[in-house]
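Engineer: This is the structure I have questions about; it appears just below.
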Amino acid sequence: MKIAVFSSKSYDKESLESHNNGIEFKYFDATLNKDTVQLAKGFDGICAFVNDHLDADVLHVLAANNIKIVALRCAGSNNVDLAVADQLGIKVYRVPAYSPQAVAEHALALILTLNRKTHKAYNRVREGNFSLERLSGFDIYNKTVGVVGTGKIGSIFAKMMNGIGCKVIAYDAYENDEMKKLGIEYLPFEELLKQSDIISLHCPLTPETHHLINKDSFAHMKDGVMLINTSRGALIDTKDAIEALKTRRLGYLGIDVYEQEEHLFFRDLSESVIADDMITRLISFSNVLITAHQGFFTSEALSQIAITTIKNINDFAAGVENANEVAVEA
Ligand code: NAD
């Protein structure tokens, strides 16, 4: 099998090659979109990541170039038009779980950093500034944490917060018995917004969850609430989040994902002019912490992504059924 790997970085190459057993991978830095799709010519399949853009136009060009498989190196498949892929006979595979712990731990890191301002303390001390002025935080212990989506990542995150001594409440269309056994109460969405001191998003991006957090949801939240998003950027209406930060309804914002991240993340733009005014406005707030989609980024997760991706491709080649194939309904 000849596979074109899009959006590939040094660590993708390293992890895929260290588990490879005969697949011919060619690595492209380029993000897959209508301008780069011709790079897939001559390959049997493509391997893509979160910000590769597999809309109908791109999929038609892939099909015309005899691409038969899309192997996603991620869990979410919101960047693929699955109905069109199905019509064109292109099979789509994903990596449903690599390290849910990694993402849950990153959500916790965002909370602790935002609260105790360790990122600011680090810089201060390096400059010989040992003052504690404006570094005070709050006890996480005993606070109410609202978890939206208690699947693989959300349930691990809920257990972590439970362990710290928080009151954990949850919202999900499907209630998880393990959570209920821990005493975690499921509430309607609005009620979760009203009661939470910290809200963490762990549901997938679907048409239903697009801008789940918007002007109306901010209106239900406590003043000074902390909002964490390690799931997908478009769960939050960024424009409304900026307004909520300006009115101080939103006290802290920690995001590992951003609505327009495909134009920014995974690149060094430090010498460029950033044209995205919303991200620059977000960066300007002292109570906003942004990481560039690194929740998954641990050695364990990279290995698991490589192992599962290679198995998905080999199973496809051998015609073996594989539960990681994404169904159109997804
Ligand atoms: P999962 O499928 O195990 O869990 C998702 C949960 O969300 C399920 O329990 C589902 O019932 C629930 N859900 C669906 N629609 C909902 C809605 N409208 N409201 C509330 N809950 C809803 O997924 P997971 O493995 O826990 O991953 C969650 C998300 O994390 C993924 O969709 C992906 O977008 C994101 N993710 C981010 C990173 C990162 O690096 N930051 C890495 C992996 C995954």
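Engineer: Which of the residues that make up the stretch 207-243 are open to solvent by 40 Å² or more (accessible area, probe 1.4 Å) and either more than 16 Å from the ligand (Cβ to nearest atom) or outside the structural domain of Ile153 (by TED's automatic domain parsing) (or both)?
Structural biologist: Looking only at the stretch 207-243, we keep the residues that are open to solvent by 40 Å² or more (accessible area, probe 1.4 Å), and these are 207-208, 210-211, 214-216, 219-220, 222-223, 232, 239, 243.
Of everything in the stretch 207-243, those that are open to solvent by 40 Å² or more (accessible area, probe 1.4 Å) and either more than 16 Å from the ligand (Cβ to nearest atom) or outside the structural domain of Ile153 (by TED's automatic domain parsing) (or both) turn out to be Lys215, Ala219, Lys222, Asp223, Lys239, Glu243.
Engineer: Also, quick follow-up: Quickly run through the stretch 127-146 and pick out the residues that are open to solvent by 60 Å² or more (accessible area, probe 1.4 Å) and within 17 Å of Ser286 (Cα to Cα).
Structural biologist: Answer for the stretch 127-146, where residues must be open to solvent by 60 Å² or more (accessible area, probe 1.4 Å) and within 17 Å of Ser286 (Cα to Cα): Leu132, Glu133, Arg134, Ser136.
Engineer: Which of (1) over 13 Å from Thr309 (Cα atoms); (2) crowded, with 20+ Cβ neighbours inside 10 Å; (3) among the hydrophobic types (A, V, I, L, M, F, W, C); (4) more than 24 Å from the chain's Cα centre (by Cα) does Ile3 not meet, given it meets every other one?
Structural biologist: (1)
Engineer: Scan the stretch 273-284 and tell me whether some residue there is open to solvent by less than 50 Å² (accessible area, probe 1.4 Å), touching a residue at least 60 places away in the same chain (Cβ under 8 Å) and in contact with a Ser or Thr (Cβ under 8 Å, 6 or more places away or on another chain).
Structural biologist: no
Engineer: Same structure, new question: What are the residues in the stretch 180-199 that are within 11 Å of the ligand (Cβ to nearest atom) and touching a Gly at 6+ places or on another chain (Cβ under 7 Å), if any?
Structural biologist: Leu192
Engineer: Which residues, counting only those in the stretch 186-206, are of a type in the set (D, E, K, R) and either free of Cβ contacts under 8 Å to residues at least 24 places away in the same chain or not assigned by TED's automatic domain parsing to the domain that holds Asp256 (or both)?
Structural biologist: Answer for the stretch 186-206, where residues must be of a type in the set (D, E, K, R) and either free of Cβ contacts under 8 Å to residues at least 24 places away in the same chain or not assigned by TED's automatic domain parsing to the domain that holds Asp256 (or both): just Glu191.
Engineer: Can you pull out every residue in the stretch 285-318 that is surrounded by 14 or more Cβ atoms within 10 Å (Cβ to Cβ) and among the hydroxyl-bearing types (Ser, Thr, Tyr)?
Structural biologist: Thr291, Thr298, Ser303, Thr308, Thr309, listed by residue number.
Engineer: Search the stretch 287-304 for residues being in contact (Cβ under 8 Å) with a residue 24 or more places away in the chain and away from the ligand (no atom under 11 Å from the Cβ), and hand back the single one that is nearest to Glu105 (Cα to Cα).
Structural biologist: Ranking the candidates gives Glu300 first.
Engineer: Going by what's in this entry, would Phe28 be described as closer than 20 Å to Arg267 by Cα, surrounded by 16 or more Cβ atoms within 10 Å (Cβ to Cβ), more than 15 Å from the ligand (Cβ to nearest atom) and aromatic (Phe, Trp, Tyr)?
Structural biologist: Yes; evaluated as a whole, the condition is true for this residue.
Engineer: Is it true that Val257 is modelled with pLDDT under 95 and in contact with a helix residue (DSSP H, G or I) (Cβ under 6 Å, 6 or more places away or on another chain)?
Structural biologist: Considered against the rule, which asks whether it is modelled with pLDDT under 95 and in contact with a helix residue (DSSP H, G or I) (Cβ under 6 Å, 6 or more places away or on another chain), Val257 comes out as no.
Engineer: Whether any residue in the stretch 90-99 is closer than 29 Å to Leu187 by Cα, at pLDDT 95 or above, open to solvent by less than 10 Å² (accessible area, probe 1.4 Å) and among the hydrophobic types (A, V, I, L, M, F, W, C) is what I want to check.
Structural biologist: no
Engineer: Follow-up question, since we're still on this one. Let me confirm something: among Lys311, Lys246, which residue is among the basic types (Lys, Arg), assigned by TED's automatic domain parsing to the domain that holds Val148 and more than 15 Å from the chain's Cα centre (by Cα)? Walk me through it before giving the result.
Structural biologist: Values: Lys311 fails: assigned by TED's automatic domain parsing to the domain that holds Val148.
None of the others qualify; the one that does is Lys246.
Engineer: So how many residues does the stretch 125-158 have that are within 16 Å of the ligand (Cβ to nearest atom) and of a type in the set (A, V, I, L, M)?
Structural biologist: Within the stretch 125-158, residues that are within 16 Å of the ligand (Cβ to nearest atom) and of a type in the set (A, V, I, L, M) number 6.
The values are calculated or read from the model by the stated rules, or taken from the named source; none is laboratory data. In this text the structure is predicted, and so the values were computed from the model without any measurement. Virtual Cβ from ideal backbone geometry, glycine too; neighbours counted across all protein chains shown. Only protein heavy atoms, including side chains, enter the accessible area calculation; ligands, DNA and RNA are left aside. Shrake-Rupley method; radii C 1.70, N 1.55, O 1.52, S 1.80 Å.
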